[in-house]
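K.L.:
Sharing a structure, written as structure tokens. Questions coming.
The values are calculated or read from the model by the stated rules, or taken from the named source; none is laboratory data. Source: prediction; values computed, not measured. All Cβ positions, even for glycine, are placed from backbone atoms using ideal geometry, and neighbour counts span all protein chains on display. The area values use the complete protein model at the heavy-atom level, side chains included, leaving out ligands, DNA and RNA. Shrake-Rupley method; radii C 1.70, N 1.55, O 1.52, S 1.80 Å.
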Amino acid sequence: PSLSSRLRESQAVVSTQSTGMEASAGRVFPGKGTVVGALADTACHNTAQVGSVVEVLVREARKKDKDYVAEVMKSFGRLLKSNSAGDQWKVVWDLTIPHLTPKQPEEEDGEGDEEEMKEEPGPVIIQTELHEASIRLLEAAWCGCTTKESHFVESSTLLSNLFKTCTWQKQPVLLSALDMLIKESKDLESTVLSSGMEECLKHIMRGVDDVKHQHVRLSAIKLTMSVLELARKRGFSLTSGTLETVLTHFRDQVSSEGNQNLKALGIEVVTFIEQIL
């Protein structure tokens, strides 16, 4: 395209961003998620105003409308995947953690029921679109994180622990996020990787044990093999207790598996661990 046509396109993008900025202000209204999404998409191609767009996305992701916030997070994720916004890990962590962890009880002034004050908040059941959007946003932000060494154990532990209360529909999202986390972190210090992978292996066995949903089982088996291969390649050891736990689950999977392809993968994992032990 000619210089003049590129200039016109650039002006159009700037105009779209300016309009989007104005329209995104104020309270949530029907269709606002689309407006914010368009704003994020234009910022992927015009980095001059990325900072301002990120500010809008962060502000809107703090609204109370859960469906709207899920839309905003998806738009934020697209922007982060375009590699236009730099390292936004801390911002994204602060945005998503409240949706993925139990809400802590607020301290109240005066005397209250001591037993009630001691009561621990219940676990978060990972089942909604907002939960999925939060996990996918963390996944997108991890790629641009420049301090992975400092956050790997905390992040992998969070995602692994979510398996405890995750519905089977959302397990593939968690498995995908963990898979990406591992692939993007393969060059970290071995001691850091080892600490994070111990927790990961223990919890993803829930996916291996899922006899009803083959796609969940397949993802969990592949992720297990990725962890084991990474350990061998990087030369770090996993505890015998963890390996024996994984081995028990996979022996059960192989003995009851009806899908021959998944059975073959399970046998591969069993053989791998038996060689280590």
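K.L.:
Would you mind checking the stretch 225-251 for residues with the amide N under 19 Å from a putative spin-label position 7 Å along Cα→C-beta of Glu268?
P.N.:
Under 19 Å, as judged by backbone N against the label point of Glu268, lie 225-234, 246-251 of the stretch 225-251.
K.L.:
With unit charges on the beta carbon (Lys/Arg positive, Asp/Glu negative), name the residue among Trp168, Gln275, Leu230 whose Cα is farthest towards the positive pole of the charge dipole of the stretch 121-277.
P.N.:
Trp168
K.L.:
Count the lysine pairs in the stretch 200-277 that are 8 or more places apart or on different chains: how many have C-alpha atoms under 17 angstrom apart?
P.N.:
Lysine pairs satisfying the spacing and distance rule in the stretch 200-277 number 4.
K.L.:
Below 14 angstrom from the Cβ of Ser84, what's the summed charge of the other residues (Lys, Arg +1; Asp, Glu -1)?
P.N.:
Taking every other residue near Ser84 into account, the sum is 0.
K.L.:
For the pair Ser150 and Phe29, what calculated FRET efficiency results from E = 1/(1 + (r/R0)^6), where r is the Cβ-Cβ distance and R0 = 30 Å, to the nearest 0.05?
P.N.:
0.15
K.L.:
Leaving out ligands, DNA and RNA, what percent of the accessible area of the stretch 181-277 is carbon and sulfur, probe 1.4 Å?
P.N.:
47 percent
K.L.:
Report the calculated FRET efficiency for Arg59 and Thr165 (r = Cβ-Cβ distance, R0 = 25 Å), to the nearest 0.05.
P.N.:
0.30
K.L.:
Further, regarding this structure: Could you list the residues of the stretch 218-262 with an amide nitrogen less than 12 Å from a label point located 7 Å from the Cα of Val211 in the Cα-to-C-beta direction?
P.N.:
252-258
K.L.:
Shifting gears a bit: Accessible area per residue of the stretch 160-207 at 1.4 Å probe, in Å²?
P.N.:
Heavy-atom accessible area per residue stands at 37 Å².
K.L.:
Ignoring ligands, DNA and RNA, what percent of the accessible area of the stretch 32-104 is carbon or sulfur (1.4 Å)?
P.N.:
51 percent
K.L.:
Need one number: nm distance between label points at Asp252 and Ser195, each 7 Å from Cα along Cα→Cβ, rounded to one decimal.
P.N.:
3.0 nm
K.L.:
Right, another one. Looking at the square roots a ≥ b ≥ c of the eigenvalues of the Cα gyration tensor of the stretch 221-277, which shape do they give, rounded for a/c under 1.5, prolate if a/b is larger than b/c, or oblate?
P.N.:
Verdict is prolate for the stretch 221-277.
K.L.:
Sticking with this structure for a sec: What does the extension gain come out to for Lys81 and Ile276, with contour length at 0.36 nm per residue minus their alpha carbon separation?
P.N.:
The span from Lys81 to Ile276 would gain 66.5 nm if fully extended.
K.L.:
Would you mind counting up the charge near Ile273? Only other residues with Cβ under 13 Å from its Cβ, with Lys and Arg at +1 and Asp and Glu at -1.
P.N.:
-2
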